[in-house]
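The values are calculated or read from the model by the stated rules, or taken from the named source; none is laboratory data. All values reported here derive from a predicted model rather than from experimental measurement. So basically every Cβ, Gly included, is an ideal-geometry build from the backbone, and we count neighbours across all protein chains shown.
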Amino acid sequence: MRTDDFDYDLPEELIAQEPADPRDSCRLLVLDRATGKVEHRIFRDIVDYLDPGDLLVANETRVMPARLRGRKRGTGGACEVLLLKRREDLDPMGSVWECLVNPGRRIRPGAHLEFGPGIATGADGAVPDANCAESDAEPCLLAEVEDFVPDSRGGRIVRFVPQGGRTLDAALHEAGHVPLPPYITSYHGDPERYQTVYAMHDEHSAAAPTAGLHFTPELVARLEEKGIAWETLELEVGIDTFRLVEEDDPTQHVMHTERYHVPQRVVDAVHATKAAEHRVVAVGTTSVRSLESAWDPDAPTPEPPVSARRFPAEPGDIVERVDATTNLYLMPGSTYHVVDALITNFHVPRSTLMMLVSAFATREQVMAAYQEAIRERYRFFSFGDAMLIV
């Protein structure tokens with residue numbers, strides 16, 4: 001197995017720059033793993049492929065305003081900082097973050113940065129080239145770069161200090177913007193379109209769980225009316241989700257770590273669904289990673305017997321996970337213990353997400369489905385169309 005096995009050529013015009021409107025009007029490619037058959041539908045038709053008693057599990061995380069545009073104190077040079085994760089090991093109060101900075105060559109340990117409305121803007125999402133020194137806007141947030149992040153291009157350890165009596169969260173919300181993936185270059189619409197309609201209030205992720213962007217409240221209601229259960233968990237999506245596998249041998253790739261939470265109610269719902277011989281349907285790859293990470297091979301095998309519950313014939317069970325971390329890396333040859341069907345978007349070539357999907361179906365099925373999607377002019381990536389694998 002080589003990383004090249006998960007590569008494909010995508011015409012640039014098929015990279016979606018706008019979300020579908022309404023959300024559930026995007027296209028849906030349905031792949032049957034048993035037969036290899038492909039069907040072309042509209043996303044709201046997904047109701048036709050799910051049965052009463054099936055369970056949908058979605059990631060309810062919300063994207064935080066993680067992109068900060070500002071200036072370097074003293075020189076007024078424009079800068080951009082992307083929050084990746086809190087480093088509570090360095091400050092339990094949460095003021096220290098691991099970040100990506102731009103321009104990396106000029107933002108080194110000891111640099112002091114200022115952020116706030118009016119200090120620096122860039123309508124196209126890039127760091128503005130203009131010097132920001134002439135702006136007299138008062139910063140709502142100050143930052144000091146404390147250290148480099150080892151083995152990271154542009155990675156820095158940054159300490160933030162809110163101003164004017166604000167809390168840190170309030171200052172981040174005032175100064176920050178929701179970051180879009182780097183391949184979305186021309187979207188200037190409502191940033192809420194890059195949030196799911198069921199996202200929780202607290203913001204923890206650097207990117208959206210994009211398979212969930214296609215759901216509307218009306219569609220969720222239709223599913224529930226049909227007797228299809230709906231549960232949510234949380235995985236904090238990191239910016240490394242966009243990182244490609246650079247190694248020729250994908251087994252040498254180091255998977256990033258993300259925090260996740262699978263509550264007991266989800267565990268109970270999975271048990272009830274399996275016991276009734278119905279399917280657990282993951283909404284997106286982040287839900288897959290959470291559910292499969294919650295599988296404990298040392299947990300007592302549930303009753304009734306495993307074979308009657310649609311679990312693989314291996315010892316273990318899904319268990320509750322509270323504030324846990326995972327670096328689960330699924331690729332062809334991996335075993336899925338919990339998930340029976342998958343709703344997902346079309347992913348970037350040479351990515352760990354391509355490998356995860358190819359572990360659920362086969363690589364040959366997935367690559368053939370992608371080629372058909374390209375021929376049929378599907379829209380790809382975060383704002384693009386969807387795929388259901390059953």
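Observations, loosely collected:
- Identity of the residue in region 303-319, surrounded by 13 or more Cβ atoms within 10 Å (Cβ to Cβ) and part of a loop (DSSP other than H, G, I, E, B), that ends up modelled with the lowest pLDDT: R309
- Elements of type strands (runs of 3 or more DSSP E) contained in region 1-81, each with 1 or more residues being modelled with pLDDT under 95: 67-72
- Taking the numbered list (1) over 30 Å from R86 (Cβ atoms); (2) assigned to a loop (DSSP other than H, G, I, E, B) in turn, Y329 passes all entries but (1).
- Exactly one residue out of V348, V322, V339 is surrounded by fewer than 18 Cβ atoms within 10 Å (Cβ to Cβ), among the β-branched types (V, I, T) and not in a helix (DSSP H, G or I), and it is V322.
- Single unsatisfied condition, P92 versus (1) under 30 Å from A369 (Cβ atoms); (2) assigned to a loop (DSSP other than H, G, I, E, B): (1)
- Only listed residue being surrounded by 16 or more Cβ atoms within 10 Å (Cβ to Cβ) and in contact with a Cys (Cβ under 8 Å, 6 or more places away or on another chain), chosen from A171, A143: A171
- Y49 meets the conditions (1) under 25 Å from N345 (Cα atoms); (2) in contact with a Cys (Cβ under 9 Å, 6 or more places away or on another chain); (3) not basic (K, R) in every case but one. The failed one is (2).
- Residue within region 82-89 that is in contact with a strand residue (DSSP E or B) (Cβ under 6 Å, 6 or more places away or on another chain), within 19 Å of E192 (Cα to Cα) and in a loop (DSSP other than H, G, I, E, B) present: no
- Checking each residue of region 209-230 against the condition of being assigned to a strand (DSSP E or B) and in the same structural domain as H261 (by TED's automatic domain parsing) gives at least one match.
- Under the condition of being surrounded by fewer than 20 Cβ atoms within 10 Å (Cβ to Cβ) and either in contact with a helix residue (DSSP H, G or I) (Cβ under 8 Å, 6 or more places away or on another chain) or not basic (K, R) (or both), the residues counted in region 32-59 number 18.
- Cβ-Cβ distances below 7 Å connect the following pairs, each with a first residue in region 50-75 that is within 23 Å of I107 (Cα to Cα), a second residue that is surrounded by fewer than 21 Cβ atoms within 10 Å (Cβ to Cβ) and hydroxyl-bearing (S, T, Y), and a separation of six or more residues or different chains: R69/T121.
- Cβ-Cβ under 7 Å pairs, at least 6 apart or on other chains, region 85-113 side surrounded by 12 or more Cβ atoms within 10 Å (Cβ to Cβ), far side part of a loop (DSSP other than H, G, I, E, B) and at pLDDT 95 or above: V96/L90
Residue-by-condition table, conditions (1) buried (at least 19 other Cβ atoms within 10 Å of the Cβ); (2) in contact with a Pro (Cβ under 7 Å, 6 or more places away or on another chain); (3) not assigned by TED's automatic domain parsing to the domain that holds D51:
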{"residue": "T344", "(1), (2), (3)": "yes, no, no"}
{"residue": "R363", "(1), (2), (3)": "no, yes, no"}
{"residue": "A368", "(1), (2), (3)": "no, no, no"}
{"residue": "E372", "(1), (2), (3)": "no, no, no"}
{"residue": "D385", "(1), (2), (3)": "yes, no, no"}
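- Residue among T35, T75 that alone is outside the structural domain of A369 (by TED's automatic domain parsing), over 19 Å from the mean Cα position of the chain (by Cα) and polar (S, T, N, Q): T75
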